Structures are given as C-alpha cells and as structure tokens.
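The values are calculated or read from the model by the stated rules, or taken from the named source; none is laboratory data. Source: prediction; values computed, not measured. Cβ sites come from the backbone with ideal geometry, for glycine too, and all protein chains shown count toward neighbours. The protein model used for the area step is the full one, side chains on, heavy atoms only, and it has no ligands, DNA or RNA in it. Shrake-Rupley method; radii C 1.70, N 1.55, O 1.52, S 1.80 Å.
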Amino acid sequence: MDVELRAVTEENFRDVVNLEVRPEQAGFVAPNVRGIAETYIYPGAEPRAVYAGDELVGFVLLHPGDRPGEHLLVRLMIDHRFQGRGLGRAALEAAVDHVVREHKAESVRLSFVPSNERARALYLSAGFVETGEVDEGETVMVRAIPKG
Ligand SMILES: CC(C)(COP(=O)(O)OP(=O)(O)OC[C@H]1O[C@@H](n2cnc3c(N)ncnc32)[C@H](O)[C@@H]1OP(=O)(O)O)[C@@H](O)C(=O)NCCC(=O)NCCS
C-alpha cells in the first residue's frame with residue numbers, strides 16, 4: 001500500500017481537521033487541529049496530510065529534535081475508516097523517508113501512550129527500539145537510520 005505525504009493547504013485543511021480516530025483511541029493522539037495550530041508556534045514543524053491515491057486517509061506532524069541529526073514524529077494518525085489496511089505502516093515509512101531525504105535525519109524519535117498496543121506493535125516491527133525514557137508519561141522509541 002503506497003501513500004503520499006502532501007502539504008496541508010487551504011484546499012485540504014478542513015478535511016484534515018475532520019479526520020478522526022476511533023472513540024476509544026481519542027486519548028492516544030491530539031486532534032489534528034491542534035497539530036496544525038502547533039505549527040504556528042513552532043516554525044520548524046511540518047504538518048503533512050497522508051493520501052492513498054487521491055483519498056485523504058491520515059495526518060502526520062514532524063519536527064526537528066533537540067539532538068543533532070534527530071527528527072521527531074510528533075503525531076501519526078489514520079482515520080478510523082481506513083485503519084487496518086497497512087496505511088499506518090506506509091505513513092510511518094513515508095514520514096521516515098521524508099525526514100531522511102529532506103533533513104538528512106540520522107534518527108527518528110517518537111513516543112506513545114503505554115497502553116497503545118497497536119502503536120507499540122507497529123513501531124517495534126518497523127525497527128524502533130525503546131530508549132527506556134518516559135516523556136510526559138509516554139514511552140519513547142528511536143529508530144536509527146543507517147548511513148549511506
Ligand atoms: C496506530 C495507527 C496509526 C496504525 O494505523 P493502521 O493503518 O491502523 O495500521 P496498519 O494497518 O498499517 O497496521 C500496522 C500494524 O499495527 C498493528 N495493528 C493493526 N491493526 C491492529 C489491530 N486491530 N490490533 C492490534 N494491532 C494492530 C499491527 O502490528 C500491524 O502490523 P502488521 O502490518 O504486521 O499487521 C492507527 O491505528 C491510528 O491512527 N490509531 C489512533 C492514533 C494513534 O494511536 N496514533 C499513534 C500515536 S503515537
């Protein structure tokens with residue numbers, strides 16, 4: 001399943017804001033409107049709409065990390081209508097590819113609510129490893145990008 005990350009624009013802004021996770025997942029990720037608002041405060045933040053073909057299916061938010069060479073995947077969500085089809089995995093890989101290509105990232109860091117087993121399974125199988133850190137109650141994982 002292939003996805004494309006596209007800018008959030010005047011055209012797709014409302015649709016991105018209207019994307020929703022399942023009700024029981026609401027505690028796992030902030031609403032997309034907040035992610036977009038954060039880009040006003042943090043100029044380095046990159047919000048991206050996730051498309052499968054021409055269908056808008058999700059949202060990611062990327063941000064440079066504090067450590068040299070590190071990038072953060074601040075948000076990842078796939079709308080409830082499109083979950084379980086491999087799109088979350090594809091969006092994750094597209095986000096990693098983006099920061100490697102555009103920012104020469106050497107590692108990608110993220111965190112998740114510890115009870116979010118689905119996210120944990122996805123990140124583990126995608127090569128992320130737990131650092132042992134807890135950030136505001138969330139489990140921290142990092143994936144190192146091989147050089148070359
Ligand atoms: C987490 C999320 C992005 C995954 O997206 P998705 O499109 O549903 O996931 P995929 O179909 O790509 O599946 C990826 C992996 O998730 C796990 N997974 C998928 N469906 C699952 C289910 N019903 N139960 C448990 N794990 C599941 C599996 O490990 C799967 O790997 P596989 O491809 O080997 O089966 C999505 O469920 C979501 O938006 N959740 C709410 C927001 C959230 O939790 N975001 C992450 C915050 S850090």
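Available extension along the chain between GLU11 and GLU55 is 14.5 nm, counting 0.36 nm per residue and deducting the alpha carbon span.
Distance from the C-alpha centroid of segment 81-148 to that of segment 1-53: 16 Å, rounded to the whole angstrom.
Split the accessible area of segment 2-148 by element, probe 1.4 Å, and carbon with sulfur accounts for 51%. Enumerate by residue number the GluC sites (Glu not before Pro) in segment 96-148 meeting two conditions: DSSP loop (anything except H, G, I, E, B), and at most 12 other Cβ atoms within 10 Å of the site's Cβ. Passing sites in segment 96-148 are GLU136.
With the highest mean first, a sort of the peptides 70-80, 46-56, 20-30 on other beta-carbon atoms found within 10 angstrom per residue produces 70-80, 46-56, 20-30. Considering only beta bridges that DSSP places wholly inside segment 71-148, some 85 percent are antiparallel. Model label points for ALA121 and LYS147, set 7 angstrom from Cα along the Cα-to-Cβ axis, are 3.7 nm apart.
Using a ≥ b ≥ c from the Cα gyration tensor of segment 1-50 (square roots of the eigenvalues), is it rounded, prolate or oblate, where a/c under 1.5 gives rounded and otherwise the larger of a/b and b/c decides, a/b for prolate? Because a/c hits 1.5 or more and a/b fails to exceed b/c, segment 1-50 counts as oblate. Under 5 Å from the amide H of GLY65 lie the amide H atoms of GLU70, HIS71, LEU72, each residue being 5 or more positions distant or on a separate chain, with H modelled from the backbone and absent for Pro and chain starts.
The H on the amide N of VAL8, modeled in the peptide plane, is under 5 Å from the matching H of ALA49, each at least 5 residues off or on a different chain. Full extension from GLU38 to ARG89: what is 0.36 nm times the residue separation minus their Cα-Cα distance, to one decimal in nm? In short, 15.9 nm is gained.
Ligands, DNA and RNA are left out, and with a 1.4 angstrom probe the accessible area of segment 1-110 is 55 Å² per residue.
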